[in-house]
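Every number here is computed from the coordinates shown, using simple stated rules; none is lab data. Nothing here was measured: the structure is a model prediction, and the numbers come from that model. Positions of Cβ are generated from backbone atoms using ideal geometry, with glycine treated the same way; all protein chains shown enter the neighbour counts.
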Amino acid sequence: MPTNTLSPDEDPCGPGMKVSHSSRWNYGLCSRSWFYEKEYGWRGLALPLLVFGHAVEETVCRVLRESPELISANAASHVLDSPTHQKTVVWGRRDRQETHIDQRPESEDKWLGPKLMLFDAAPTDIEEIRKWAHARVDVHWPRAIEGARIAWENEANRSGNWDEFMQARGNLGASHAKNALDMHIEEVLACLEANGGPTLESWRKGIRPKISAPDGRPNYHAIPHPFANSEGPATLAECWEIARPWFVDPEAGSFTQQAMLPEGWFQGEYDLVYRWEGTPRIVDLKASNGTSEWAAAYPVQMKTYAWLWWASHDHEMVSGLETWYMGAASRKKYNLPSQADLQKMQLELNQFWHDHMATRGSRDITNYPPNPAPVPSHSPGGGEVLEVKDPSERCKACLWANICEGSGEKMEISSAEWEDVNGTSHQFSDLSQVNSRVNVFGTISTWKGGEWRHGGIAPALGIWSGGASIWVSSYKGGPKEIPEGLHVGSKVRVINAYFAKTRKGGLQLKLDDLSRIEIAEEAKEGDIVPSSLPRINIRGRVMSLAKGQGEHNFGSWKRWGASIATENGNIDLSAMNEDIPFISAEINRGDEIVILNAIATAFGAKLQGALDQLSQIAIIK
């Protein structure tokens, strides 16, 4: 099976605490840069190059899914799209709508593959198939690159000029995809020479792997292919079908077809998994010529994929590992790791998870010093190292150089008073002294118990404290456990709750998996009696931006956010719907801004400044 999935109830880590090859590799490039992104949540730039690579891979996969015996060279791109359905997935406080390929039996009629009519004459010449595949690229590429452009334009941290990129490099996308398909055609020819390989007879009977290669049919489809022969040598048409690798279905939502350890602490995503030889062979697609420093990462990436397959498939060894450089039209094959190599890698990766991923929210920056690695370059196709530049070159290109003391480019952030246009001076909060979570003692005046959908308990209660009633409820999760027998009149301490605004602008406290409720007879030192929402003023530098939109039970929603570094701490800003300030459209990464009257709250272990109609933002420079 190329993919394994865990429901939130089974997943001990959630989407943000898993090791991946890229995460571990980036840690080795500079642990301080890694810390900023993983602990503080600062986001990198969204460059056209990144979505360009996705578009090339999507184009390749759309052609691989099709059959030259069933799809004409000029057929519409969407003719074999897989049916999908939406699924809400919740991890603690975080939830998201995911697009899944619809493999439900009741949706069988939505699949178009079984309904297609076989052409009178199947291709018998490999050049006919190559010509057809290249023509299909020309059909699919405009759709893929347009989707990539839209995705890039919707990125809060986008950078670059799309038109300039397309003129300089983006126009090579279709040729990259054709190069990949030429390499796949080599697989088809090898399959033909092997008389269809060891799976020929089972394929002719309609027997499919539990998770089959996307081909316009559901996994459980058991009817033999319309041009499967009952006997005789394998045909070219049959070998196109048999050689088809598994790949991420182009209609699948992001991260829904990941390969994941059953224990949940590692995940990755294969590009192509060839199985026609009877054993798995993993191929990674690169929309480049293999000359950049990333070529040094790919041998480790492929070894990691070999380990992931081994660890999640009862120690089955892969039979091949390759990188296909589509820009250079070349394959790079790697030596296969031994069982001992994979066992060692498992110990190293698991230790990395314990040391660096399981500690999310409590990592100490002093354990992540600035230690940039040298910057190599390679000959085309991921070949020999041609040059190794000094580590200082990495700092020059680092997004976080202006905040890092090891870069030589650090710019101090001011916390000085600021005078607005009306001549009013404003002082700024010391974020290291801001407590977004509080403990409250009181008597339960209203009680509504209940379980949350995925983990945690979702009580809602009113607490009488200090002569006033405070509403307390869970938001997308709740405490992992609460005492039994709580009722109106119980005296309790609510611990590690965070402030939030009610829909009418009043004060309430929220509970998550970091919060708890305990029975108590009296208050303890440090307990507070909240009377109003805590407001803070912030002066700092914008390190990254965030935005999103979607639907929930109350209708549509929009969100804008920014990660801010200040002289004495970091904070994430968040504004929803009508509270999003008009000036947000003018705020860019690197700007120095002032925020007045933000609500001090929390999101998980992070300090958050929630904006409302009383908040103000000004751009200083």
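Straight-line reach from LYS491: taking Cα to Cα under 22 Å and skipping same-chain neighbours fewer than 8 places apart, the lysines in range are LYS448, LYS480, LYS510, LYS524. Sorting 497-510, 11-24 by their mean Cβ neighbour count within 10 Å, with the most densely packed peptide first, gives 11-24, 497-510. Here is the size of the range 124-253 from its Cα atoms: Rg then Dmax, 18.4, 57 Å. Other residues within the sphere of radius under 9 Å centred on the Cβ of LYS621, judged by their own Cβ, net out at -2 (K and R +1, D and E -1). Helices that extend 15 Å or more along their long axis by alpha-carbon positions and average at least 0.0 on the Kyte-Doolittle scale are, among the DSSP H runs of the chain, 48-65, 173-193.
A simple spin-label model places the labels of HIS487 and ARG331 7.3 nm from each other, with each point 7 Å out along Cα-to-Cβ.
Label zone of LYS558 (point 7 Å out along Cα→Cβ, amide N under 15 Å): in the range 136-174 this covers 154-156. Computed packing ranks the peptides 459-469, 358-368 as 459-469, 358-368, most packed first, by mean other Cβ atoms within 10 Å.
Centre-to-centre, using Cα atoms only, the range 481-495 and the range 331-345 are separated by 55 Å. Sketch the reach of a paramagnetic label on THR88 as a point 7 Å from Cα along Cα-to-Cβ, and name the residues of the range 539-569 whose backbone nitrogen lies under 15 Å away. Under cut-off, by backbone N: 550-557. When you count the other C-beta atoms within 10 angstrom of each residue and take the mean per peptide, 426-435, 30-39 line up highest first as 30-39, 426-435.
If the chain between GLN97 and VAL421 were fully stretched, how many nm would it gain, using 0.36 nm times the residue separation less the Cα-Cα distance? All intermediate terms of the calculation are to be shown ahead of the outcome.
Values: separation 324, 0.36 × 324 = 116.64 nm, distance 4.35 nm.
Separation in residues times 0.36 nm, less the Cα-Cα distance, equals 112.3 nm.
Applying the criteria of a DSSP loop state and at most 12 other Cβ atoms within 10 Å to the GluC sites (Glu not before Pro) of the range 297-374 yields GLU316.
Under the 0.36 nm per residue contour assumption, what length would be gained going from the current alpha-carbon distance of SER532 and LYS210 to full extension? Please list the in-between numbers first.
Numbers: separation 322, 0.36 × 322 = 115.92 nm, distance 5.71 nm.
Residue separation times 0.36 nm, minus the Cα-Cα distance, leaves 110.2 nm.
Partners of LYS110 within straight-line reach, counting aspartates and glutamates whose Cα lies under 15 Å from its Cα and excluding those fewer than 8 residues away in the same chain: ASP81, ASP102, ASP215, GLU251. Cross-link reach is defined here as a Cα-Cα straight distance under 23 Å, omitting same-chain residues fewer than 8 places apart; for LYS410 the lysines meeting it are LYS38, LYS389, LYS396, LYS621. Amide H neighbours of PHE603 under 5 Å, counting only residues 5+ apart in sequence or on other chains, H built in-plane at 1.01 Å? Under 5 Å from the amide H of PHE603: GLN608. Here is the short version for the chain: CYS13, CYS30, CYS61, CYS395, CYS398, CYS404 have no other Cys C-beta closer than 4.7 Å.
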